[in-house]
Amino acid sequence: MAIKLAWLNRKKKVRSIFHPDEYHSVAILMNDQGIGDAIVTSYLIKSLRENGLKVYVIVEKRIAFLFEHFISVDGVLFYDRKKSIKQLKEQLQSTRIDVAIDLVDKGHNSVRRCQIIQAISPLHTIGFNQEKYKLYDTSISYHEYTSHVSTRSQKILQLMNIQSEPIQYYINIPTDNEQFVRNFIKPIIESNRKIIIFNPYGSNEARSFSNYQIDKTLSFLSQYDDCTTIVVGEPNKISHIEAKKNIIINPLPSFFDTVALVKYSTLVISVDTSIVHIASIYNIRMICVYNNRIIDKQFINNFVWGPNYSNAIQIFTNDNLGTGLGDPIANLDMSIMLEQLKLEIKNYK
């Protein structure tokens, strides 16, 4: 990787001077990123657009659907790591990018990101902790290992002389999805029952509840006749979960349906995943479980990707392995979470 990065950077001899008043378009590198990353970055996207900049995102097709209506941008550029960088260049033939923004430090995908920057050929590139590489004209020194990731967006705005507003994410639930969900939950609302959202699965096994923990949580929640719990997640992951009294396994297939369910809920229970950031948009009371993951051997995921709002309660695992995957959530003593749940539901009475 070091050899490839050196080769990619050797072609650029001089870093360009930063002239924020002369730029009209921005591209944010979001390849290798997921739904949660996109939601958090919506703060930066909206701030840039409100200040007269056209904003493009470079994404893989698996999350491109988010930028059709859910998160407003001026254009989407597709990057497929299995295909040649030539595909990206073809999309750029009629699009001029003045500034490329890379929010990520050097890592396993740095070669891909440098190839993308080279293909874009922007007037200026902004990165973080990239002093070694000339492809990055401005490198922001950033070593705030426990600060929320959205702080990086604020640093970009400050650099571009844009006043940073309080951090807030901006999404648009498609009207049809929201109406469909409103109809779905209408009987629950009319019976004066509270809606609890339970999201048991993260992006990997270490960040997911075990079958035993899921069953124990749902058995606990099923005893509350004034609450309906809806289990959400990817349909193929939650389909095996057994429905119980006062428990619904979400039958609605769309991710946007899940967003709307969160919007109309009273309480969210989730592991570390995009649902955390969705709940924060609507300031929903939340209990979320984080597993002490360490990013790039130094950034503490519990805080960097935490919920970042006062209405959320974080529960941390206690193995403290200090690894890239973090502690297995399956090892968590569920009595800790159930006690907190009992207190939350008691407050609704």
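Here are some notes:
- Looking across the stretch 209-230 at every residue that is closer than 29 Å to Thr323 by Cα and among the hydroxyl-bearing types (Ser, Thr, Tyr), the one that is least open to solvent (accessible area, probe 1.4 Å) is identified as Thr217.
- Candidate set: the stretch 130-189, residues that are small (Gly, Ala, Ser) and part of a helix (DSSP H, G or I); chosen: the one nearest to Asp37 (Cα to Cα): Ser150
- Residues of the stretch 222-244 classified as under 23 Å from the mean Cα position of the chain (by Cα) and assigned to a loop (DSSP other than H, G, I, E, B), total: 3
- Checking Ile241 against (1) surrounded by fewer than 20 Cβ atoms within 10 Å (Cβ to Cβ); (2) under 28 Å from Val149 (Cα atoms); (3) at pLDDT 95 or above, the condition it does not meet: (2)
- Residues satisfying the stated conditions in the stretch 329-349, i.e. open to solvent by 60 Å² or more (accessible area, probe 1.4 Å) and under 27 Å from the mean Cα position of the chain (by Cα): Asn331, Asp333, Ile336
- Complete set of residues in the stretch 194-221 that are outside any helix (DSSP H, G or I) and closer than 20 Å to Ala312 by Cβ: Lys194, Ile195, Ile196, Ile197, Phe198, Asn199, Pro200, Tyr201, Gly202, Ser203, Ser208, Phe209
- Taking the stretch 250-265 as the range and being part of a loop (DSSP other than H, G, I, E, B) and either over 12 Å from Phe184 (Cα atoms) or touching a His at 6+ places or on another chain (Cβ under 8 Å) (or both) as the test, the residues that pass are Pro253, Ser254, Ser265.
- Scan of the stretch 189-208 for residues that are open to solvent by 10 Å² or more (accessible area, probe 1.4 Å), over 17 Å from the mean Cα position of the chain (by Cα) and closer than 17 Å to Leu332 by Cα, ordered by number: Glu205, Ala206
- Those helices (runs of 4 or more DSSP H) of the stretch 1-93 in which 1 or more residues are over 28 Å from His148 (Cα atoms) and within 27 Å of the chain's Cα centre (by Cα) occupy 86-91.
- Subset of the stretch 253-303 that is among the acidic types (Asp, Glu) and out of contact with any strand residue (DSSP E or B) (no Cβ under 9 Å at 6 or more places or on another chain) - its residue that is farthest from Asn331 (Cα to Cα): Asp257
- Some residue of the stretch 218-229 being charged (D, E, K, R) and within 20 Å of Leu332 (Cα to Cα): no
The values are calculated or read from the model by the stated rules, or taken from the named source; none is laboratory data. Just so you know, these numbers come straight off a predicted model, no measurement behind them. Note that each Cβ is placed from the backbone with ideal geometry, even for glycine, and that neighbours are counted across all protein chains shown. Each accessible area value is taken on the protein alone, full model and side chains, heavy atoms only, with ligands, DNA and RNA left out. Shrake-Rupley method; radii C 1.70, N 1.55, O 1.52, S 1.80 Å.
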